[in-house]
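This report refers to the structure that appears directly beneath it.
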Amino acid sequence: MSRHPLRWLVFSLLTTVLMVSGVAAAQGTPVRGGSLRVAITGDPPTLDPHTSTAVIVLEVASHVVEYLYARDANGLVQPMLAAALPEVSEDGLTYTIRLREGVPFHDGHVLNAEDVVASLDRWRRIGTGKAYMAGAEITAADDHTVVITLPAPVGVLTSVLGWAEGAAVIYTAAQIAEVGDSPIDAPIGTGPYRLKEWRKGQEVILERFDSYVGVDAPASGDAGAKHAYLDEIRFISVPDAATRQAGLESGEYDVNYRASASDLELIEASDEMYAWMMRPGYNYIAVINHASPLMQNQGVRRALQAAIDVYPLVLGAFGDDDVFALTASIVPREYGAMFNDTAGAELYDVGDPDLAAAILKESGYDGTPIRWLTSRDYDYQYRGTLIAVDQTTAVGFNSEIIVRDWATTVSIRNDPTAWDIFIGNFTIAPEPEMIQYLTSTYLNSYEGSAEWRDAMDRLARTTDLAERQQTWAEAQQAFYEDAGAIQMANTFLLNAYASDVHVEARYFLFQAWNTWKE
Amino acid sequence: MFAYVARRLGSMVATMLVVGVVVFFVIHAVPGDVTSALLGQDASREQIEALRARLNLDQPLHVQFVSWFGGVVRGDLGSSTYMRVPVIDAIGQRLEPTGMLALLATLVAVTLGVTLGVIAAVRHNTWIDYAVMFVAMLGLSLPGFWLGLLMILTFAVKLRWLPAAGYVPLAESPIDTLRYLVMPAVSLGFSQAAVIARMTRASMLDALREDFVRTARSKGLPEGRVVVRHALRNALIPVLTVIGLSIATVAGGVVVTETVFNIPGAGRLVIESVQRRDYPVLQGAVIAVAFVYALVNLLVDLSYLGLDPRVRYS
């Protein structure tokens, strides 16, 4: 007997396309042809999502490579290279995945189970898959069936296999044999576009793959049909935000990927371009380094939590309240079922200096400086940190700001002894188990309280929706009570399009399929 | 003279090696490495450590240095850890845009600077002199990137006469190459034109007071010929030194200009390599820039020979 692991997702709270906001721009009849010039923030480090979790890697590579499952606009997992959602054994240990037949790769090879076995094995060996599939056995039952046998249940496995960041993309077994664990710069995938040329440091040029065989379902989010209307997509590396915007205004580019929030008004006032807000974008939080002896004092963490007045801090950091939403929920509303803005909410956005001072006094805090790590390379980090330092100094904290360039900041963050707290945008996921800063292997070394660990252990083993929601509510409550991190807001990212570019279906990541130009 | 040139070239090689050693240790003294740029924000500590080991970044510094420097003395600058291409190719691919930009910017600077300087000197203490010196002061005061943004706003966004950003290689379309480089070259060359104009004016004023100029005039030579053939030629030696320094400044200025105008040149490569901690590219690029500086200095010294017969190198 088998059961559907993600059936609960159909009870998703979402009834509308919440991942999408802004103007619906797909009017008229799609036109085939043309080249889309997308000004991106920099040259991607690789086109291989197995080896990098950088969002830009996936946003370029997802046109070329695909994964077994994908999320639709309602946050539900749908088949992509798989023929259906997996069959899962009663004990939750065996996943049987049937693949679609007749799906060609860009080199003419047709997808089979060996390709999937080789790809998943590589993904769990060198990529984010290790956290979910360590010790798992991945085998080909026949040409088009893959069986994954886990040592212990992983409630979110299907979700992870359809997740975008650090994605479990499928390459040919031959390419993996050839490249091994090195980053793949010329991926051979099954996507609607194939790599034409990568002029490193300048641009990535993709061309339509005419033999693409997609899913026979309406386009929705990351899932469904992918119509390759455009002949060519050029991802041009333009690191300077003002230059990207000027290039969009002058007609040099068709898309300004990551427009500045300060340009939002200008874009909305223009007839020649329009804005699309990517939501949910990131979680803006103060991540606490739990390896630091000072921050292991729960009273100190609770005092910080009570001191932070969220709205002025986030407004000061981002400058425009159209680009963020305050929420106590760690999983954003747009991702569906695990959204919860009540558990622990009494400890969110407290902003009470007297209470914070009292908690701090009780904690035995001896005036040791709290090291706030930040970088001016990202203004929102720096400005938010300045305000947080101001708010916490007012209640009696002794703060020290460490300001470095971004590469140095990252290096310091990786040293558990060198910092105490860091404010920034962190990627979020639909399932709590997939959120990096909630895991102990991430840079903040968060182990959590006994209540937290117990709830997360139970969560990892269950796929029942009601049970998952209840368990996550307990975990989120424990997270707040433990002051695991200081939750602040969801922040959105902005892409700006020339008005002659039409997009039929949108996801929270940039996609240029189902996109056409007049 | 050939012995002199050979000696200078020999000392250039030694300079490059010293620069290489210094840059290696300075760069490695800065915290951070390429793993954050490669792996992205969500990588676990284990993934970071595995990548550091694969790239040999976990080796002691002296081991990394011996490995890199051993390559350098054999003419191998190594491979980019971010782009995974040989450093020599990474820099080589960026030389054309940077070279063209530097050339055009220098052309703008020299043409504008010398012409305005001569006019100001000849029309000394008139409104023309004051106007030229005002423009020169403006050129010195305006930051190049600001001028660049202003030009983009005016000529690309509002008037749409010129492309806002990017570069087209010469081999594809020389006319487009020029169209893409007009604004960057002017924004980069303008401040140097101001420096050259001021130096030319001062040097010309001195020359115009010399006896040989008075003699030329008393011989009845036309004023244009007096100014160009007699005064300017003699005034050019200090100007040439400034032009040499300007070329070096322009070579440094391309970093900002290439970023503002999104020109995929060597300057932007340097900036990006600093941000990514792509050590091999950064080390190779610094050596390449030092080489250009040394070469320009040598060429300027040699050009004195053509201008002043009294100069001898032995």
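Each reported figure results from applying straightforward, stated rules to the coordinates on display, with no laboratory input. Given the structure is predicted, the values throughout are model-derived calculations rather than measurements. Cβ: placed from backbone, ideal geometry, glycine included. Neighbour counts: every protein chain shown.
Can you tell me the mean projection area, over all orientations, of the convex hull of segment B:22-154's alpha carbons? Units nm², please. Please list the in-between numbers first.
Values: hull surface 54.4 nm².
Answer in nm², one decimal: 13.6.
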**OP:** Express the relative contact order of segment B:162-253 as a whole percentage, based on alpha carbon pairs under 8 Å and six or more residues apart in sequence.
**Re:** 28
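Under 13 Å from the Cβ of residue A:75, count the other residues' Cβ atoms, weight Lys and Arg +1, Asp and Glu -1, and hand me the total.
Spelling it out: positives minus negatives among the neighbours equals -1.
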**OP:** Could you work out the relative contact order of segment A:69-115, using alpha carbon pairs under 8 angstrom and six or more residues apart, expressed as a whole percent?
**Re:** 23
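Counting only C-alpha contacts under 8 Å and six or more residues apart, can you give the relative contact order of chain B as a whole percent? Intermediate results must be reported in sequence, preceding the final value.
Values: 363 pairs, mean separation 84.8, N = 314.
That works out to 27 percent.
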Original post:
Across 5 Å bins from the origin, how do the percents of Cα pairs in segment B:187-314 run, short distances first?
Top reply: 2, 10, 14, 15, 15, 12, 10, 8, 6, 4, 3, 1, 1, 0
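Report Rg(Cα)/(2.2 N^0.38 Å) for segment B:181-256, keeping two decimals. Each step should come with its number before you reach the end.
Working: Rg = 15.8 Å, N = 76, 2.2 N^0.38 = 11.4 Å.
Compactness ratio reported: 1.38.
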**OP:** Enumerate by residue number the trypsin sites (Lys or Arg not before Pro) in segment B:68-172 meeting two conditions: DSSP loop (anything except H, G, I, E, B), and at most 11 other Cβ atoms within 10 Å of the site's Cβ.
**Re:** B:74
Subject >> Ranked B:1, A:278, criterion: other C-beta atoms within 10 Å, fewest first >> reply: B:1, A:278
Original post:
Looking at chain B, which longest stretch skips every one of the GluC sites (Glu not before Pro) that is in a DSSP loop with at most 15 other Cβ atoms within 10 Å, leaving the sites themselves out?
Top reply: B:1-171
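About its Cα centre, what dipole magnitude does the protein assembly as shown give when the only charges are +1 on Lys and Arg Cβ and -1 on Asp and Glu Cβ, stated in debye to the nearest 20?
Working: 62 positive and 90 negative charges, 882 e Å.
Around 4240 debye, computed over the protein assembly as shown.
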**OP:** May I ask for log10 I(q)/I(0) of chain B at q = 0.11 Å⁻¹, from a Debye sum over the Cα atoms as equal point scatterers with solvent left out?
**Re:** -0.84
Original post:
Say R0 is 60 Å: what FRET efficiency, to the nearest 0.05, do residue B:88 and residue A:464 get from their beta-carbon distance?
Top reply: 0.50
Subject >> Estimated distance in nm for a label pair at residue A:143 and residue B:160, the labels positioned 7 Å out from Cα along Cα-to-Cβ >> reply: 5.5
**OP:** Please go through segment B:261-314 and write out the chymotrypsin sites (Phe, Trp or Tyr not before Pro) that DSSP classes as loop and that have at most 16 other C-beta atoms within 10 Å.
**Re:** B:313
Original post:
Over what distance in Å are the Cα centres of segment A:189-204 and segment B:9-68 separated?
Top reply: 29
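Please compute the alpha carbon radius of gyration of segment A:383-488, then divide it by the globular-protein estimate 2.2 N^0.38 Å. Two decimals is fine. If you can, show how the numbers build up before the last one.
On the way: Rg = 16.0 Å, N = 106, 2.2 N^0.38 = 12.9 Å.
So the Cα radius of gyration is 1.24 times the expected 2.2 N^0.38 Å.
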Original post:
So for the protein assembly as shown, taking the charge dipole from beta-carbon charges (+1 Lys/Arg, -1 Asp/Glu), which of A:42, A:442, A:387 sits furthest toward the positive end?
Top reply: A:42
Original post:
Considering only DSSP beta bridges with both partners in chain A, what is the antiparallel share in %, to the nearest 5?
Top reply: 80
**OP:** At q = 0.05, 0.06, 0.08 Å⁻¹, work out log10 I(q)/I(0) for the protein assembly as shown with the Debye formula, treating every Cα as an identical point scatterer and leaving solvent out; two decimals please.
**Re:** -0.33, -0.47, -0.78
